[in-house]
Amino acid sequence: MAKIVLDGVDKVYSGGVKAVDNLNLEIHDSEFMVLVGPSGCGKSTALRMIAGLEEITGGDLYIGDDVVNDRPPKDRDIAMVFQNYALYPHMTVEQNLAFGLKLRKIPKQEIAKRVQDAASMLGLESYLKRRPAALSGGQRQRVAMGRAIVREPQAFLMDEPLSNLDAKLRVQMRASLNQLHERLSVTTVYVTHDQTEAMTLGDRVAVLRDGRLQQVDTPKNLFDHP
Ligand code: ADP
Ligand code: ADP
């Protein structure tokens, strides 16, 4: 687990759009931080900079005690979960969960154990031999989360992971995410435009507007003093 610090971080896209403007935010070790705000406020850009998928154009980004501004995604020890799952269609659930670990040359027995633990935490044990096409949207998103969990990274980054699910599933998945976080305590940065999601999931919520940080506080304080 590691803290993540954005110290005066800017993002100016090549066309000149200032997507993130002097963002100062410290995400504590083991904290669940939600970035919330309307479409276009810079949430995804901020998350993608933490992931290393987008270069920062100003300021410093820390993971743990290290400045990681120029470090490629694979050397950041974080796992990202996307809205569209990004599963391998030709592989079973089990193979999807194990694939990243095989690439990293983790020993077979250790892979089997991690896959089993993740499947059990996410209620995927009965689906291990299925391919993604034979799963519901909620099950696919669980597999995507499982793939992040098995890596045992320093941090999870999630970009609108529930927005392709229907309302009932979103409620279930929010509960699952809360349980997972309680159990694993991995530092998490979670992007959503959904206020309810922000308030039910976040230890703290950072409200962005036009690329700037408007407020950052616990859900309770934001609710009491909006
Ligand atoms: P959000 O995730 O809050 O919807 P984004 O981070 O996607 O916001 O976008 C923030 C701003 O940056 C928007 O004005 C968007 O149009 C712009 N933007 C996002 N990605 C790019 C890009 N690759 N090139 C140019 N502008 C971009
Ligand atoms: P989100 O709000 O989840 O970021 P978008 O539809 O805004 O989704 O963006 C999807 C992709 O398009 C992202 O990779 C983003 O960086 C890119 N993008 C968004 N806005 C622009 C833009 N104005 N110019 C170029 N690319 C953009």
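The values are calculated or read from the model by the stated rules, or taken from the named source; none is laboratory data. Predicted model only: the values in this text are computed from it and were never measured. Reconstructed Cβ throughout: ideal geometry from the backbone, glycine too, with neighbour counts over all protein chains shown. To get the accessible areas, we keep the full protein, side chains included, count just its heavy atoms, and leave off ligands, DNA and RNA. Shrake-Rupley method; radii C 1.70, N 1.55, O 1.52, S 1.80 Å.
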| Can you find even one residue in the range 179-188 that is surrounded by 24 or more Cβ atoms within 10 Å (Cβ to Cβ) and either in a loop (DSSP other than H, G, I, E, B) or within 15 Å of the chain's Cα centre (by Cα) (or both)? | yes
| task | Of all residues in the range 43-62, count the ones that are open to solvent by 10 Å² or more (accessible area, probe 1.4 Å), within 12 Å of ligand 2 (Cβ to nearest atom) and outside any loop (DSSP other than H, G, I, E, B). | result | 4
| Could you give every pair whose Cβ atoms fall below 8 Å, whose first residue belongs to the range 27-38 and is in a loop (DSSP other than H, G, I, E, B), and whose second residue is open to solvent by less than 10 Å² (accessible area, probe 1.4 Å) and within 16 Å of ligand 2 (Cβ to nearest atom), counting only separations of at least 6 or pairs across chains? | 37/208
| message | One residue is enough: does the range 40-55 have a residue meeting the conditions more than 17 Å from residue 216 (Cβ to Cβ), of a type outside the set (S, T, N, Q), within 16 Å of ligand 1 (Cβ to nearest atom) and at pLDDT below 95? | response | no
| field | Answer residue from the range 1-15, given it is part of a loop (DSSP other than H, G, I, E, B) and more than 14 Å from residue 42 (Cα to Cα) and is farthest from ligand 1 (Cβ to nearest atom) among those | value | 1
| task | For the range 21-42, enumerate the residues that are open to solvent by 20 Å² or more (accessible area, probe 1.4 Å), small (Gly, Ala, Ser) and within 16 Å of ligand 2 (Cβ to nearest atom). | result | 39, 40
| Restricting the search to the range 120-174, which residues are surrounded by 16 or more Cβ atoms within 10 Å (Cβ to Cβ) and among the β-branched types (Val, Ile, Thr)? | 143, 149, 150
| query | Pick from 107, 73: which is more than 21 Å from residue 142 (Cβ to Cβ), within 16 Å of ligand 2 (Cβ to nearest atom) and surrounded by fewer than 17 Cβ atoms within 10 Å (Cβ to Cβ)? | reply | 73
| How about the range 208-218: which of its residues are part of a strand (DSSP E or B) and within 16 Å of ligand 2 (Cβ to nearest atom)? | 208, 209
| note | In the range 189-201, residues that are away from ligand 1 (no atom under 16 Å from the Cβ) and open to solvent by less than 60 Å² (accessible area, probe 1.4 Å) total 1
